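J.: Input: one structure, supplied below.
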2 protein chains.
Amino acid sequence: MEFSSKLLENAVNQVSQLPGIGKRTALRLVLHLLRQPAEQTNQLVQSLGKMRNELKFCKSCHNISDVDLCEICSSHKRDKDIICVVEDVRDVMAIENTSSFKGLYHVLGGKISPMDGIGPHDLNINSLIEKVKTNQVKELIFALSPTIEGDTTNFYIFKQIKEYNVETSTIARGISVGDELEYADEITLGRSILNRIPFENSLKA
Amino acid sequence: MEFSSKLLENAVNQVSQLPGIGKRTALRLVLHLLRQPAEQTNQLVQSLGKMRNELKFCKSCHNISDVDLCEICSSHKRDKDIICVVEDVRDVMAIENTSSFKGLYHVLGGKISPMDGIGPHDLNINSLIEKVKTNQVKELIFALSPTIEGDTTNFYIFKQIKEYNVETSTIARGISVGDELEYADEITLGRSILNRIPFENSLKA
C-alpha cells in the first residue's frame, strides 16, 4: 500500500495493529475520521489516552475500576464469601447481566496457556489463594471458558486450595437453552447426560 | 452493557462510533489496548491526533498530502493535461498500484448523493471545472464507481464542461479479468458486449 502522506501512513499502521483490523479496514476507519469534524477524533484520542493511563484495577478482585475497591467488592448487598473466578472483565459484565449471582468476583486476567507463554505467575492467582488461605471464602465457583486452557487453570487453582476448607464448583456445562439436541457437539451432549440434574431443580430457573 | 468504570465506558463508546464497529468489538479492542504496554496506546493516540490536526490536502488535486502540493502534482514525470477524476484517496492509491496511469488526479471527496444530503457544492467540483476552463486539461477520465451516484456525478460534471474543448472518457466497464462469464451480472455482461473492443487492442495490456 503506497501512501501519499506519512501522517496518514503512521495512523493506518497504528490502527492496523489492533486485533482483527487489517490495513484496508484501518484505512477506511482513518478516512472516516478525516471526514468527520476534528472534534470527534480529539474525543476518541482523549478518551483512549485517559483510559489507558488513569484506569485502575480493583485491589481485591482485579476488575477494572475507577476507584481502589470496585463497586461490587465494596457493596453491602453482595455475599462476600462466595467468589466467582473468571478470566476477564467481559465475563464479569456477562454474568452481572444475568442478575443470577450475588457474590464477588476474582478476575484472573487470562488463562494458563503455555502455547502463548502465559504461566500461573502472569495471572492473579496468588491473591486468590491468599483469600482462601485467610478463610475469607466459603465457595469458589470456577467460571472459565470450557477449553483446555480453562480446564488447566481450574485444575491448577484447585490443587493449591484443596487442603483448605472451601467448597468448589464449576458453572454447569450442557445444552444451551433453546438449542436443538441434534446439533449439539458430542462432548457437550455426553457431559450433559452424565451431569444430569433432578427434574424438579430444572423448574426453578 | 454495564461498565464497572466510566473511563472504560467512555473509551468503548468513542471507539464504537467508528463505522462497522459495534459495542462488543469496541470493548474487545479497548481491552486489548489495556493488556498491551501503555506505550502502544500512546503511539496510537498520538498518530491519530497528529494526523487529524496536521494533515493537509493538496491544493491542486485535493489528495491527502503532507505538503501544499502533493508528490503526484509536483512530479515532472506526469502528464499534466490528463486528469483522472476519482471519489476518494483510496481510489488514487488503487490506481497508482496498477502503474497504468501517468497523468494527474482530481479527488472529488465523494459522489453526488441526494439521499445522503451530498450536493455538488459539498464536493471539489468547482476547482475541477476551473482547471478545464483555464485550458489546463486535454482529457478528463471519469473513474468513479459504476453506481447511480457515480453516474450522476459524472453526468453533472460532463454537463458543465462539454462547451469547453476537452476530451472525456470513463474507465472501461466489463467482465473482471479471471471472472467466469456465467457469474457476471446481466448489466455488466450486456455493456461489455455493446462496448466491445477490437481484438488486437485486447492483446496490448
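J.: Which condition number does A:I141 fail, the rest of (1) at pLDDT 90 or above; (2) outside any strand (DSSP E or B) being met?
T.: (2)
J.: Shifting gears a bit: Which residues, counting only those in the range A:3-15, are in a helix (DSSP H, G or I) and either surrounded by fewer than 21 Cβ atoms within 10 Å (Cβ to Cβ) or facing chain B (nearest Cβ under 8 Å) (or both)? Break it down stepwise before answering.
T.: Filtering the range A:3-15 for residues in a helix (DSSP H, G or I) gives A:6-15.
Once the filter is applied, which keeps residues that are in a helix (DSSP H, G or I) and either surrounded by fewer than 21 Cβ atoms within 10 Å (Cβ to Cβ) or facing chain B (nearest Cβ under 8 Å) (or both), the range A:3-15 yields A:K6, A:L7, A:L8, A:E9, A:N10, A:A11, A:N13, A:Q14, A:V15.
J.: Can you give me the number of residues within the range A:48-96 that are in contact (Cβ under 8 Å) with a residue 12 or more places away in the chain and of a type in the set (S, T, N, Q)?
T.: Final tally of qualifying residues: 2.
J.: Among the listed residues A:G110, A:G117, identify the single one that is modelled with pLDDT under 95, on the phi > 0 side of the Ramachandran plot and more than 10 Å from chain B (Cβ to nearest Cβ).
T.: Just a single option satisfies the conditions, and that option is A:G117.
J.: Taking the criterion of being more than 7 Å from chain A (Cβ to nearest Cβ) and farther than 30 Å from B:Y156 by Cβ, would at least one residue in the range B:71-84 satisfy it?
T.: Yes, the range B:71-84 contains a residue that is more than 7 Å from chain A (Cβ to nearest Cβ) and farther than 30 Å from B:Y156 by Cβ.
J.: Which of (1) surrounded by 14 or more Cβ atoms within 10 Å (Cβ to Cβ); (2) over 25 Å from B:K80 (Cα atoms); (3) in the same structural domain as B:E96 (by TED's automatic domain parsing) does B:S192 not meet, given it meets every other one?
T.: (3)
J.: Can you pull out every residue in the range A:108-138 that is assigned to a helix (DSSP H, G or I) and within 22 Å of A:I171 (Cβ to Cβ)?
T.: Correct list: A:P120, A:S127, A:L128, A:I129, A:K131, A:V132.
J.: If you don't mind, another one. Tell me whether the range B:57-67 contains one or more residues that are loosely packed, with under 14 Cβ neighbours inside 10 Å, among the hydrophobic types (A, V, I, L, M, F, W, C) and in a loop (DSSP other than H, G, I, E, B).
T.: Yes, the range B:57-67 contains a residue that is loosely packed, with under 14 Cβ neighbours inside 10 Å, among the hydrophobic types (A, V, I, L, M, F, W, C) and in a loop (DSSP other than H, G, I, E, B).
J.: Something else about it: Scan the range B:51-60 and tell me whether some residue there is outside the structural domain of B:D88 (by TED's automatic domain parsing), within 19 Å of the chain's Cα centre (by Cα) and more than 16 Å from A:L31 (Cα to Cα).
T.: Yes, the range B:51-60 contains at least one residue that is outside the structural domain of B:D88 (by TED's automatic domain parsing), within 19 Å of the chain's Cα centre (by Cα) and more than 16 Å from A:L31 (Cα to Cα).
J.: Filter the range B:85-107 down to residues that are within 13 Å of another protein chain (Cβ to nearest Cβ) and in a strand (DSSP E or B) and give me whichever is farthest from the chain's Cα centre (by Cα).
T.: So, considering only residues that are within 13 Å of another protein chain (Cβ to nearest Cβ) and in a strand (DSSP E or B), the one farthest from the chain's Cα centre (by Cα) is B:L104.
J.: For the range B:152-186, name all the residues that are assigned to a helix (DSSP H, G or I), touching a Leu at 6+ places or on another chain (Cβ under 8 Å) and surrounded by 12 or more Cβ atoms within 10 Å (Cβ to Cβ).
T.: B:T153, B:N154, B:I157, B:I161
J.: If you take the residues in the range A:36-68 that are under 23 Å from A:K102 (Cα atoms) and touching a Lys or Arg at 6+ places or on another chain (Cβ under 6 Å), which one is farthest from the other protein chains (Cβ to nearest Cβ)?
T.: A:D68
J.: Another question, if that's okay. Looking at this structure, is A:K102 touching a residue at least 24 places away in the same chain (Cβ under 8 Å), within 22 Å of A:I171 (Cβ to Cβ) and surrounded by fewer than 16 Cβ atoms within 10 Å (Cβ to Cβ)?
T.: Yes, satisfied.
J.: Examine the range A:16-26 for a residue that is at the interface with chain B (Cβ under 7 Å from one of its Cβ atoms), surrounded by 21 or more Cβ atoms within 10 Å (Cβ to Cβ), out of contact with any Phe, Trp or Tyr (no Cβ under 6 Å at 6 or more places or on another chain) and within 30 Å of A:E87 (Cβ to Cβ), and state whether such a residue exists.
T.: Yes - at least one qualifying residue is present in the range A:16-26.
J.: Quick one: in the range A:109-147, of everything that is small (G, A, S) and touching a helix residue (DSSP H, G or I) at 6+ places or on another chain (Cβ under 8 Å), which residue is surrounded by the most Cβ atoms within 10 Å (Cβ to Cβ)?
T.: Among residues in the range A:109-147 that are small (G, A, S) and touching a helix residue (DSSP H, G or I) at 6+ places or on another chain (Cβ under 8 Å), the one surrounded by the most Cβ atoms within 10 Å (Cβ to Cβ) is A:A143.
The values are calculated or read from the model by the stated rules, or taken from the named source; none is laboratory data. Predicted, not measured: the structure shown is a model, and the values here were computed from it. Cβ atoms come from the backbone with ideal geometry, glycine included; neighbour counts cover every protein chain shown.
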